[in-house]
Amino acid sequence: MNEIHKTRSRAKDSYFVAVKLLLRDGDKLLITHDIFGAWDIPGGRIRDDQFETKLEDVLAGKVAEELGKDLKYELEGIKTTFRVEREEAGLDGKKVRIFAVGYEAKYLGGDIKPGDHHDKYEWIDLKTVDLKEYASPGGWVEQLGAYIDRQF
């Protein structure tokens, strides 16, 4: 490999990859609040042992873990992407970058029960929400602007 290719390879960024659920009930979208104090979107990162697992199955596991097994929804496909940079508590505050795909889903019912890493949830109105109210360092909710713009 020549020096130009080596230099270009070193300049490439590394990302964690996540799957997120954009759970809709009409114009309302479900967001969660995590125990670290940030507003979040249900879902999470793909673990190293899930490399060959279908993304939809990874997401289903994350949703059951974060919102409970009683939640019913119909997955409608990938509707947006996100890029977030944040300090990672599990890595002693090291900054990490995360790329995520956002799957939209229709809420069909069932009880929502926040899991161990979330303390509450809220349905936000996509037509009137001020995303600045949900801003937090490395947060996900404020990344919804482009998604909302495409909806209305």
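Quick note: the coordinates plus some simple rules give every number you see, no bench work behind them. Since the structure is predicted, the reported quantities are computational estimates derived from the model, not experimental observations. Positions of Cβ are generated from backbone atoms using ideal geometry, with glycine treated the same way; all protein chains shown enter the neighbour counts.
Between Lys79 and Phe51, the C-beta separation translates, for a Förster distance of 22 Å, into a calculated FRET efficiency of about 0.40. On the beta carbon distance between Lys72 and Phe152, with R0 = 25 Å, the FRET formula returns roughly 0.45. Counting Lys and Arg as +1 and Asp and Glu as -1, what is the net charge of the other residues whose Cβ lies under 9 Å from the Cβ of Val96? So the environment of Val96 carries a net charge of +1. In loop segments of segment 42-151 as defined by DSSP, the trypsin sites (Lys or Arg not before Pro) with at most 15 further C-beta atoms inside 10 Å of their C-beta are Arg47, Lys54, Lys69, Lys127. Counting neighbouring Cβ atoms within 10 Å and putting the fewest first, the residues Glu133, Glu122, Glu3, Glu65 line up as Glu3, Glu133, Glu122, Glu65.
Diffusion of the chain by Stokes-Einstein, at 37 °C in a medium of 0.692 mPa s and with Rh set to the Kirkwood radius over alpha-carbon pairs, works out to 200 µm²/s. Annotation: amide H-H contacts under 5 Å for Tyr73 (H modelled 1.01 Å from N, sequence separation of 5 or more, or interchain): Leu108. Other residues whose C-beta falls under 11 angstrom from the C-beta of Leu126 contribute a net charge of 0, scoring Lys and Arg +1 and Asp and Glu -1. Distance between the C-alpha centres of segment 75-90 and segment 36-57: 9 Å, rounded to the whole angstrom.
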